Amino acid sequence: MRVLSSIARSVLERSFPPTLHEDILDAVGMPYRAETDRRRPRHADFRELILRIYERRCAMCGFDGRLGRADFGVEAAHVQWHAFDGPDIEENGLCLCSLHHKALDAGALGVGEDGRVLVSEHLCGGSRVQNWLIDLGGRPLGTPAQGHASPQPAFIKWHREQVFREPPRAA
C-alpha cells in the first residue's frame with residue numbers, strides 16, 4: 001500500500017491542483033492524507049499578495065469572510081495550475097471563495113477572454129447550484145486594486161484549453 005500511495009501522490013502532484021486531490025482519491029477508494037507538494041516550492045507570499053490585491057473578496061461572488069482577524073473561506077487560486085508550471089505571480093492569480101476555487105479547478109467555471117465568468121454546460125444541479133454557480137455566467141470578474149494586474153490572457157487561455165469543460169453556457 002505504501003508504494004501505491006507514493007505513486008498516487010506523485011501522479012496527483014504532477015497532474016492536479018491540491019484542491020482536487022481528496023476528491024480524486026475518494027473516487028478511486030484510496031484514503032486521503034494531506035501531504036506537501038514535493039515538486040516545485042510555492043512562493044510564500046503568493047497567497048497574501050493575491051488576497052491583498054483583491055481586497056480579500058472573491059473575484060466571482062464578492063464573498064469576504066473573516067473569522068476574528070483571519071481570512072475565512074477566501075483563497076488564492078492559480079489560473080494556470082501550479083502543478084503545470086503556473087507561476088506564483090499576480091497575473092496568474094485570483095482571489096476566490098473556497099467554492100468558486102474548487103469549481104474553477106474542476107473546470108465547472110472559467111474566465112472568458114473578455115474577463116467574464118464562464119459556466120460549463122456540463123454543470124447541473126438544483127436551485128443552490130443555479131444561485132451559487134450558474135447565475136455567475138456572463139458576470140465580469142472582480143478586478144484587483146488599482147495598479148495591479150488581472151490574469152494575463154495566456155493563463156486564461158491555458159485554463160480554457162486544459163481545464164474548462166467546454167462548451168460554456170450562453171450568458
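If I ask for residues that are out of contact with any Gly (no Cβ under 7 Å at 6 or more places or on another chain) and of a type outside the set (A, V, I, L, M, F, W, C), which ones from region 113-133 would you list? Residues satisfying the conditions are 113, 114, 115, 121, 122, 125, 126, 127, 128, 130, 131.
Collect the residues in region 4-41 that are modelled with pLDDT of 75 or more, surrounded by 11 or more Cβ atoms within 10 Å (Cβ to Cβ) and part of a loop (DSSP other than H, G, I, E, B), keeping them in residue-number order. Result: 16, 17. Listed here are the strands (runs of 3 or more DSSP E) enclosed by region 89-162 that have at least 2 residues being more than 20 Å from residue 42 (Cβ to Cβ): 109-111, 117-119. The residues of region 58-88 that are part of a loop (DSSP other than H, G, I, E, B), open to solvent by less than 50 Å² (accessible area, probe 1.4 Å) and touching a strand residue (DSSP E or B) at 6+ places or on another chain (Cβ under 8 Å), listed by number, are 58, 59, 60, 65, 73, 79, 86, 88. For the residues 98, 127, the requirement of being hydroxyl-bearing (Ser, Thr, Tyr), out of contact with any helix residue (DSSP H, G or I) (no Cβ under 6 Å at 6 or more places or on another chain) and in contact (Cβ under 8 Å) with a residue 12 or more places away in the chain singles out 98. Among the residues of region 72-93, those identified as among the aliphatic types (A, V, I, L, M) and either in contact with a Phe, Trp or Tyr (Cβ under 7 Å, 6 or more places away or on another chain) or at pLDDT below 95 (or both) are 74, 76, 79, 83.
Condition test on residue 55, is it open to solvent by less than 60 Å² (accessible area, probe 1.4 Å), modelled with pLDDT of 95 or more and not β-branched (Val, Ile, Thr)? It is false that residue 55 is open to solvent by less than 60 Å² (accessible area, probe 1.4 Å), modelled with pLDDT of 95 or more and not β-branched (Val, Ile, Thr). Scoring residue 111 on the criteria (1) more than 18 Å from residue 50 (Cα to Cα); (2) open to solvent by less than 50 Å² (accessible area, probe 1.4 Å) leaves a single failure, condition (1).
The values are calculated or read from the model by the stated rules, or taken from the named source; none is laboratory data. Everything quoted here is computed from the prediction, not taken from an experiment. Counting neighbours? That spans all protein chains shown, and the Cβs are built from the backbone with ideal geometry, glycine included. Only protein heavy atoms, including side chains, enter the accessible area calculation; ligands, DNA and RNA are left aside. Shrake-Rupley method; radii C 1.70, N 1.55, O 1.52, S 1.80 Å.
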